[in-house]
């Protein structure tokens, strides 16, 4: 490469150097003499910059070719790519920042490996198009979905699909941020192109229904449901189904029968969310795990009656409004082992002799909505004569109802206490738990089979109930309880505390009372072999970490 530069003076005249070192203004003649030299120097600099850029491009190209990572065998690259996606996160087929798309931009070899790795394309995320909220819809995006389905090369598919034409999920998040209860759809210009694209996208997925293994659909329009009927009788590989309606579209109307998933011989796990007034037919006799979410009142009985149609059911998660059942007739189920519920009606008349795990929680559709449920649990245990092994108390604050429950769970192995919306009553509840677990002076050990304890407190400055008093349960006696239960001798009748997780996250350090005694009491436990982790976070500051 030849570079032609204009001649530069070998040395500046003495008069020029003298003028440069002084503060004198140049004469008109001196300015006229300097201007051509300055112009030539700028031209030469531009020539050199262009040459440097061209040389740098040559260097980059050569380095890319001789780079060691380019010379790795495809087998090693494939192993690396699979480790990058080890958590098996679904690939957003419409995002150019997804892992496969990013890796495929490096070079032709990498792109070929990514396109031939079916594991990337058999677990996909499909987000529908929306009206007006994010600009015009690119019409060629459906080709990306077609390409992803083709690259999966016949493998079983895991699909997460959300058709939210009016952005109702986003609206719900925005309204929840200001503690509004239900989303109200905003006015947006209806675009029939968006609706047509979403339905065509759903048809593309239905065509592959014989390969469905684990699918999740969120639909925002009843008119889309007939499209799913095209999958009826073809889902021979389906094992897990999550299906529901987008909030804001559920309205009062006569019951609608929906039977697209009635025939699925391998289906075992089902989640139904906000189904409104349409009835879903499912192969209930073969189901093992079911979660149902609803928001209309007085409907719990509709969800409990089908228990007799699910003889193999082992886990049931009831998440919706209800206070008490209208009917108190006993409902017995001999196979159910896990029950998660947020309302007291779920514990009123069930008889579950093999129940092992119970979770009391707030309603997920409105996590500020919580019911008093703990006082109902002793009745369920007494009626069922069951042996509870795992107990999860989420946002439970009724300290006076705690002891009757723990006294009825002598074989408890795991106790998990969570507070997601902090209130000082929650502080008293956790303190009551810690006090109950202390070894008595006479040597009596409460919950002698307990080997796992977790305490979690999470909060936000937007709580509707602010801190009126700081958190005080992190005391030396709490640490001594943990130490004593770790140090006690294990045996056939007694189990040592082996796993402890404590996570505290509050808006600021001022929401926590001094905890030096608690920290000092834990000293040395991790080194002795106890599997314990403790995190105390105030705002953006980690106050203590073990």
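The values are calculated or read from the model by the stated rules, or taken from the named source; none is laboratory data. No experiment lies behind these values; they were computed from the predicted model shown. Glycine gets a Cβ as well: all are built from the backbone with ideal geometry, and neighbour counts include every protein chain shown.
Values as computed for the structure displayed
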read-out: In region 349-368, the residues that are surrounded by fewer than 17 Cβ atoms within 10 Å (Cβ to Cβ) and modelled with pLDDT under 90; value: 364, 366, 367, 368
read-out: Out of 20, 72, 5, sole residue that is modelled with pLDDT of 75 or more and over 30 Å from residue 128 (Cα atoms); value: 20
read-out: Within region 509-531, tally of residues that are surrounded by 13 or more Cβ atoms within 10 Å (Cβ to Cβ) and at pLDDT below 90; value: 13
read-out: Subset of region 535-546 (residues that are surrounded by 13 or more Cβ atoms within 10 Å (Cβ to Cβ) and in contact with a helix residue (DSSP H, G or I) (Cβ under 8 Å, 6 or more places away or on another chain)); value: 538, 539, 543, 544, 546
read-out: Among (1) touching a strand residue (DSSP E or B) at 6+ places or on another chain (Cβ under 6 Å); (2) part of a helix (DSSP H, G or I), the one test that residue 404 misses; value: (1)
read-out: Filter pass, residue 64 being at pLDDT 85 or above, under 58 Å from the mean Cα position of the chain (by Cα) and surrounded by 11 or more Cβ atoms within 10 Å (Cβ to Cβ); value: no
read-out: Residues (more than 18 Å from residue 196 (Cα to Cα) and at pLDDT 85 or above) located in region 152-170; value: 152, 153, 154, 155, 156, 157, 158, 159, 160
read-out: Test set (1) at pLDDT below 75; (2) surrounded by fewer than 19 Cβ atoms within 10 Å (Cβ to Cβ) - residue 263 fails condition number; value: (1)
read-out: Leading residue by the ranking (modelled with the lowest pLDDT) among those in region 266-275 that are surrounded by 17 or more Cβ atoms within 10 Å (Cβ to Cβ) and in a loop (DSSP other than H, G, I, E, B); value: 275
read-out: Residue within region 206-213 that is more than 20 Å from the chain's Cα centre (by Cα), part of a strand (DSSP E or B) and either modelled with pLDDT of 85 or more or surrounded by fewer than 15 Cβ atoms within 10 Å (Cβ to Cβ) (or both) present; value: yes
read-out: Selection from region 180-205 of residues that are farther than 12 Å from residue 230 by Cβ and either part of a strand (DSSP E or B) or modelled with pLDDT of 80 or more (or both); value: 196, 197, 198, 200, 201
read-out: Check on residue 504, more than 22 Å from residue 450 (Cβ to Cβ), touching a residue at least 24 places away in the same chain (Cβ under 8 Å), in contact with a strand residue (DSSP E or B) (Cβ under 7 Å, 6 or more places away or on another chain) and surrounded by 18 or more Cβ atoms within 10 Å (Cβ to Cβ); value: no
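So that you can scan it fast, the table gives a plain yes or no per residue for (1) under 22 Å from residue 243 (Cβ atoms); (2) surrounded by 15 or more Cβ atoms within 10 Å (Cβ to Cβ); (3) touching a strand residue (DSSP E or B) at 6+ places or on another chain (Cβ under 9 Å); (4) at pLDDT below 90:
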{"position": "277", "(1), (2), (3), (4)": "yes, no, yes, yes"}
{"position": "281", "(1), (2), (3), (4)": "yes, no, yes, yes"}
{"position": "287", "(1), (2), (3), (4)": "yes, yes, yes, no"}
{"position": "303", "(1), (2), (3), (4)": "yes, yes, yes, yes"}
{"position": "310", "(1), (2), (3), (4)": "yes, yes, yes, no"}
{"position": "321", "(1), (2), (3), (4)": "yes, yes, no, yes"}
{"position": "341", "(1), (2), (3), (4)": "yes, yes, yes, yes"}
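The rows are residues; the columns are (1) touching a helix residue (DSSP H, G or I) at 6+ places or on another chain (Cβ under 8 Å); (2) surrounded by fewer than 20 Cβ atoms within 10 Å (Cβ to Cβ); (3) at pLDDT 90 or above.
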{"site": "385", "(1), (2), (3)": "no, yes, yes"}
{"site": "396", "(1), (2), (3)": "yes, no, no"}
{"site": "399", "(1), (2), (3)": "yes, yes, no"}
{"site": "405", "(1), (2), (3)": "yes, no, yes"}
{"site": "412", "(1), (2), (3)": "yes, no, yes"}
